[in-house]
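The values are calculated or read from the model by the stated rules, or taken from the named source; none is laboratory data. Since this is a predicted model, take the numbers as computed values, not measurements. Glycine gets a Cβ as well: all are built from the backbone with ideal geometry, and neighbour counts include every protein chain shown. Only protein heavy atoms, including side chains, enter the accessible area calculation; ligands, DNA and RNA are left aside. Shrake-Rupley method; radii C 1.70, N 1.55, O 1.52, S 1.80 Å.
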Amino acid sequence: AQSVTQLGSHVSVSEGALVLLRCNYSSSVPPYLFWYVQYPNQGLQLLLKYTSAATLVKGINGFEAEFKKSETSFHLTKPSAHMSDAAEYFCAVSDRDNQGGKLIFGQGTELSVKP
Amino acid sequence: GAGVSQSPRYKVAKRGQDVALRCDPISGHVSLFWYQQALGQGPEFLTYFQNEAQLDKSGLPSDRFFAERPEGSVSTLKIQRTQQEDSAVYLCASSRRSGANVLTFGAGSRLTVL
């Protein structure tokens with residue numbers, strides 16, 4: 001069975017500062033990993049995904065994440081935060097060997113950006 | 001359509017009423033998922049369709065919840081005899097291929113049960 005743990009339900013950074021959102025996963029098989037962003041009253045939007053190619057994955061809006069198997073982590077980073085990055089971020093895992101695989105989401109991390 | 005469309009966006013129901021939530025996936029998308037997102041929580045899987053076949057309904061919380069996708073496109077999530085604990089945002093997502101690799105989510109239907 002897969003699971004995801006997001007450390008920190010709320011992260012606050014200043015505009016221009018580094019963004020680091022933590023995600024650890026548990027999976028009995030090599031996983032697919034995802035980061036989604038959710039703005040208020042909107043659906044989830046895919047930021048990036050890891051599917052066993054490069055361990056450093058670049059996504060939209062300047063975000064990237066690094067898959068570290070030894071640490072079972074997939075932390076999301078962005079060098080310089082913008083006000084528009086304020087949103088809820090979800091890490092998710094999917095069983096890559098299951099054709100009908102579903103996404104298992106973490107609890108989410110709310111990112112606040114201070115001017 | 002250009003995206004996944006859900007209706008109604010907001011629904012208020014009295015406890016005990018039946019509700020139906022509709023999802024119009026992206027045209028041609030094979031896979032369709034329903035998720036339940038309680039306030040302050042991550043989405044939780046309810047059920048999965050591949051075309052018209054419901055391949056996984058392990059996340060449906062009780063037999064009051066029923067989902068269908070009779071022609072392999074539009075899907076309806078029905079909740080009978082709603083309870084307060086059913087209050088949540090119900091998200092629909094679709095994918096071009098089988099499986100959940102890249103999902104496009106709708107904006108959700110927010111259900112409030114009084």
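Total residues in segment B:70-113 satisfying the condition of being of a type in the set (D, E, K, R), farther than 29 Å from A:Y50 by Cα and surrounded by fewer than 21 Cβ atoms within 10 Å (Cβ to Cβ): the figure is 5. For segment B:1-30, a residue qualifies if it is among the small types (G, A, S) and open to solvent by 70 Å² or more (accessible area, probe 1.4 Å), and the qualifying residues are B:G1, B:A2, B:S27.
Would segment B:39-61 turn up any residue that is among the charged types (D, E, K, R), in contact (Cβ under 8 Å) with a residue 12 or more places away in the chain, in contact with a Lys or Arg (Cβ under 8 Å, 6 or more places away or on another chain) and open to solvent by 40 Å² or more (accessible area, probe 1.4 Å)? Talk me through it step by step, then tell me what you get.
Going through segment B:39-61, the residues among the charged types (D, E, K, R) turn out to be B:44, B:52, B:56-57.
Retained after the next criterion (residues that are in contact (Cβ under 8 Å) with a residue 12 or more places away in the chain): B:44, B:52.
The next check asks that each one be in contact with a Lys or Arg (Cβ under 8 Å, 6 or more places away or on another chain); those that pass are B:52.
Subset that is open to solvent by 40 Å² or more (accessible area, probe 1.4 Å): B:52.
Yes - at least one qualifying residue is present in segment B:39-61.
Please specify each residue of segment A:26-37 satisfying the condition of being modelled with pLDDT under 95 and either part of a strand (DSSP E or B) or under 14 Å from the mean Cα position of the chain (by Cα) (or both). Show your work before the answer.
Step one: of segment A:26-37, the residues modelled with pLDDT under 95 are A:26-34.
Once the filter is applied, which keeps residues that are modelled with pLDDT under 95 and either part of a strand (DSSP E or B) or under 14 Å from the mean Cα position of the chain (by Cα) (or both), segment A:26-37 yields A:S26, A:P31, A:Y32, A:L33, A:F34.
Kindly indicate the residue of segment A:4-13 that is in a strand (DSSP E or B) and open to solvent by 50 Å² or more (accessible area, probe 1.4 Å) and also farthest from A:K78 (Cα to Cα) among those meeting that condition. Only one residue fits best here, namely A:T5. B:N101 falls short on exactly one of the conditions (1) outside any strand (DSSP E or B); (2) at pLDDT 95 or above; (3) among the polar types (S, T, N, Q), and that condition is (2).
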